[in-house]
Amino acid sequence: MSLQLLPAGPADAPVIYELAHRIWWAHYPGIVSDGQIEYMLERGYSVPALKQQMADGQQFWLLRHAENPDAIGYLSISALETPGHFFVHKFYIDNTQRGRGAGRQAFALLLQAYPQAEEIRLFVNRLNFKSINFYFRVGFQILRCMETPIGEGYLMVDYEMQWLKNRLNTSAETSL
């Protein structure tokens, strides 16, 4: 499977919006409540919210098969204050593509796009076992547990995870 990671801009916000709704409703029931899914999608994935995140410095990417123009996933990342340190805000692949190596290839493409990356951090829901295990496989480790109120009585119950370039387990880099 040959995947491409393409930069996304404000004109791509509707595509990301539609992907997010499809992916979240297929993946998150049973992990968080339907009400929290609706709240988080509206808060973070409305077209205006996505455009604001882009304006605030998040670099968005669309993931697609080389032979098909339809996006199968999306990512967003931003630089942290320390050079070479980044935070992944979004890393989502359509559920129909899971288990086929798309995630590993997407992460390898992300590393190619950011060769200066020494550290990458992200948050993942503590009940999102499939994603946690994926992140372990590409070299992330758990740094800490977090509980963050996000409004409307909802709570993010996450792990903060970290990938380090100099850590021995960098199998994602060699999977292309």
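Projecting the Cα positions of PHE140, GLN97, TYR114 onto the charge dipole of segment 93-141 (unit charges on Cβ atoms of Lys, Arg, Asp and Glu, taken about the Cα centre) puts GLN97 furthest along the positive direction. Of the peptides 134-144, 34-44, the ranking by mean beta-carbon count within 10 Å, highest at the top, reads 134-144, 34-44. Close amide-amide hydrogen proximity is noted between ARG126 and VAL157, ASP158, TYR159, each under 5 Å apart and 5 or more residues distant or on a separate chain (H modeled in the peptide plane; Pro and chain starts excluded). Amide H to amide H distances under 5 Å link HIS89 with SER76, ILE77, SER78, where only residues 5 or more positions off or on other chains count and H is placed in the peptide plane.
Using helices alone, what [θ] at 222 nm do you get for the chain, with -39,500 (n - 2.57) per DSSP H run of 4 or more residues, divided over all residues and rounded to the nearest 500? Each step should come with its number before you reach the end.
Working: 5 runs with 57 residues, N = 176.
After summing the helix terms and dividing by residue count, I get -10000 deg cm²/dmol.
The phi torsions of segment 118-126, fed into the Karplus equation with coefficients 6.51, -1.76 and 1.60 and a -60° offset, translate into couplings of 9, 9, 10, 10, 7, 10, 9, 4, 5 Hz, rounded to whole numbers, with Gly and Pro shown as x.
Per-residue 3J(HN,Hα) values for segment 84-96, derived from phi via the Karplus relation 6.51 cos²θ - 1.76 cosθ + 1.60 with θ = phi - 60°, read x, 10, 9, 10, 8, 8, 9, 8, 9, 10, 3, 4, 5 Hz in sequence order (x marks Gly and Pro). Summarised as an ellipsoid, the chain has semi-axes of 23, 20, 17 Å, derived from the eigenvalues of the Cα gyration tensor scaled by 5 and square-rooted, with the largest first. For the chain, modelled as a GNM whose springs connect Cα atoms under 10 angstrom apart, the maximal fluctuation among SER46, SER33, SER76 occurs at SER33. Can you tell which of GLN162, GLN52, TYR39 lies farthest toward the positive end of the dipole of the chain, using +1 and -1 charges on the Cβ of basic and acidic side chains (Lys, Arg; Asp, Glu)? Ranked along the dipole, the leading option is GLN162. Relative contact order, whole percent, for segment 35-104 stands at 19, derived from Cα pairs under 8 Å and 6 or more residues apart.
How much length, in nm to one decimal, is gained on full extension between ASN166 and ARG22, taken as 0.36 nm per residue of separation minus their Cα-Cα distance?
Details: separation 144, 0.36 × 144 = 51.84 nm, distance 3.56 nm.
Once the chain is fully extended between ASN166 and ARG22, it gains 48.3 nm.
Please state the relative contact order of the chain as a whole percent: Cα pairs under 8 Å, 6+ residues apart? Show your work: numbers first, answer last.
On the way: 272 pairs, mean separation 34.3, N = 176.
Once divided by the residue count of the chain, the mean separation gives 19 percent.
Here's how it looks for ILE31: its modeled amide H is under 5 Å from none belonging to a residue 5 or more places away or on a different chain.
Readers should treat all values here as calculations from the given coordinates under stated rules, not as data from a laboratory. Since the structure is predicted, the reported quantities are computational estimates derived from the model, not experimental observations. Note that we place each Cβ from the backbone using ideal geometry, even for glycine, and neighbour counts take in every protein chain shown.
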